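Please read the structure below before turning to the comments.
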Amino acid sequence: MKAIVLVGGQGSRLRPITYDVPKAMVPLRNRPFMGYMFDFLKAGGLSGAVLSLGYLPDPIQSYFDGQDLEGFSIDYAVEDRPLGTAGGIKNAEGYLDGGPLVVVNGDVLSGANLREAIEAHEASGALATIVLTSVEDPTAYGLVEVDHDMKVRRFLEKPAADEVTTNLVNAGIYVMEPEVLARIPAGREVSIEREIFPRLQAEGLLGAYVSSSYWRDIGTPRSYLAASQDVLSGAVGAGEGFEFLEVDPSTGRAKGVKILPPVSVAAGCVLGRSATIGGRSALGRGCVVGEGAVVEGSILFDGAEVEPGAVVRGSIIGPNARVGQDAIVRGLSVLGAGCVVGEGNVLDQGVRINPGVVLPPRSMSF
Ligand code: GDD
Ligand code: MG
């Protein structure tokens with residue numbers, strides 16, 4: 001059985017990071033998200049995947065092209081314009097073998113038991129089975145009401161607050177019969193959540209499987225940062241030989257550097273005198289943290305630089321971005337690739353700075 005992985009979206013809620021790095025390739029503990037997805041599919045016993053691509057396909061393709069996948073097949077179906085979640089499945093149809101298949105949203109980090117979901121689907125006689133997970137606030141997801149016999153009673157994408165009747169939502173993981181593909185019109189944008197699932201539900205053909213395992217959609221700065229911290233602390237995605245302290249031996253460390261696990265420091269980083277790399281942070285390749293600077297609970301992409309005396313807390317610093325001397329970047333701020341936060345600025349409250357922007361010294365405060 002193969003999977004279709006939907007990775008064609010623009011990742012707009014994760015901008016400005018996704019202007020340069022597709023959502024599927026953002027690092028978690030210095031490994032691209034797709035690596036975890038691949039582990040998940042292999043653990044489910046699948047034999048291969050078709051990646052349904054659109055936006056920024058090249059980095060995703062080259063990640064897989066350079067790897068020994070131990071017999072797991074990878075194919076690419078690239079859209080020339082966005083076809084939506086069902087359109088993206090339809091576009092990948094030519095790479096399938098005509099049997100049942102798994103479909104996953106390419107931005108969900110999950111510890112669900114995929115084998116068990118497949119078995120539940122096979123036993124149910126449904127045309128499609130949706131894996132469900134429970135969340136605190138279903139309004140950002142597809143709300144799913146189920147009957148006692150695990151048939152879907154209602155599927156409502158992005159419900160308004162007063163429409164919330166359950167905490168169970170679509171986890172973005174489906175098992176389906178090939179007949180579902182025949183129901184997706186070709187050549188236009190089609191949403192599986194808004195068109196196909198409500199129709200299957202109305203015919204009594206949509207089943208559900210509830211998972212209580214770890215699950216998170218990494219599509220916003222808050223959830224991406226949380227996912228990164230969860231992977232660093234081993235709550236999900238921990239492979240063999242997992243260590244809380246993962247510091248590449250090439251790291252340059254001056255005197256008095258404090259490294260508080262869990263942390264991951266990739267190759268070629270330089271940590272200045274008395275710098276603090278705090279718990280649940282990940283530093284990509286070639287990052288520089290200056291004297292006395294503090295990085296805590298944050299993600300630094302490759303080549304990011306934190307100058308002396310600066311503080312980065314609970315934030316995401318894009319590739320080659322620079323945080324100037326004594327600046328403070330906190331509160332889920334997100335810096336795009338190559339931007340420069342001049343000396344003494346204070347960034348807070350989820351502020352987002354676009355790629356390449358240069359903030360003059362002391363021009364922002366909170
Ligand atoms: N190929 C292709 N083409 N893929 C697409 C397209 C497209 O036009 N649009 C979106 N995708 C991919 C995205 O890259 C992502 O991996 C996945 O489809 C889901 O899109 P999101 O934009 O992340 O959707 P969402 O998070 O708002 O909602 C979806 O996921 C939730 C679970 O995380 C829905 O399926 C919800 O029902 C669900 O609860
Ligand atoms: Mg999503």
Being of a type in the set (A, V, I, L, M, F, W, C), within 16 Å of ligand 2 (Cβ to nearest atom), touching a Lys or Arg at 6+ places or on another chain (Cβ under 8 Å) and open to solvent by less than 60 Å² (accessible area, probe 1.4 Å) is the requirement here; does ALA227 meet it? yes
Conditions (1) at pLDDT below 95; (2) outside any helix (DSSP H, G or I); (3) within 15 Å of ligand 1 (Cβ to nearest atom); (4) closer than 30 Å to GLY241 by Cα -> VAL104 fails only (1)
ask   = Looking at this structure, is SER223 among the small types (Gly, Ala, Ser) and either in contact with a His (Cβ under 9 Å, 6 or more places away or on another chain) or outside any loop (DSSP other than H, G, I, E, B) (or both)?
value = yes
Restricting attention to the range 200-219, the residues that are within 13 Å of ligand 2 (Cβ to nearest atom) and open to solvent by less than 50 Å² (accessible area, probe 1.4 Å) number exactly 4
| task | Kindly indicate whether any position in the range 127-137 is open to solvent by 20 Å² or more (accessible area, probe 1.4 Å), assigned to a strand (DSSP E or B) and in the same structural domain as GLY8 (by TED's automatic domain parsing). | result | yes
*Test ILE184 against the stated conditions and say whether it is touching a residue at least 12 places away in the same chain (Cβ under 8 Å), within 16 Å of ligand 2 (Cβ to nearest atom) and open to solvent by less than 40 Å² (accessible area, probe 1.4 Å).*
no
When restricted to TYR95, TYR141, the only residue touching a residue at least 40 places away in the same chain (Cβ under 8 Å) and open to solvent by 70 Å² or more (accessible area, probe 1.4 Å) is TYR95
Is it the case that some residue within the range 69-89 is assigned to a strand (DSSP E or B), more than 8 Å from ligand 1 (Cβ to nearest atom) and of a type in the set (Ser, Thr, Tyr)? yes
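Here's the yes/no breakdown for (1) in a loop (DSSP other than H, G, I, E, B); (2) under 22 Å from ASP65 (Cβ atoms); (3) more than 16 Å from ligand 2 (Cβ to nearest atom):
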site	(1), (2), (3)
GLN10	yes, no, no
ARG13	no, no, no
THR18	no, yes, no
VAL21	yes, yes, no
ALA24	no, yes, no
TYR36	no, yes, no
LEU41	no, yes, yes
GLY45	yes, no, yes
ALA49	no, yes, yes
Listed by first then second residue, the pairs whose first member lies in the range 58-81 and is more than 15 Å from PRO22 (Cα to Cα), whose partner is among the small types (Gly, Ala, Ser) and open to solvent by 30 Å² or more (accessible area, probe 1.4 Å), with beta carbons under 8 Å and at least 6 positions apart or on separate chains, are GLY71/SER47; PHE72/SER47; SER73/SER47; ALA77/GLY94
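The values are calculated or read from the model by the stated rules, or taken from the named source; none is laboratory data. On a predicted model such as this, the values are computed, not experimentally measured, just so you know. Glycine also receives a Cβ, built like all others from the backbone with ideal geometry; neighbour counts cover every protein chain displayed. Just the protein is used for accessible areas: all its heavy atoms, side chains included, with ligands, DNA and RNA removed. Shrake-Rupley method; radii C 1.70, N 1.55, O 1.52, S 1.80 Å.
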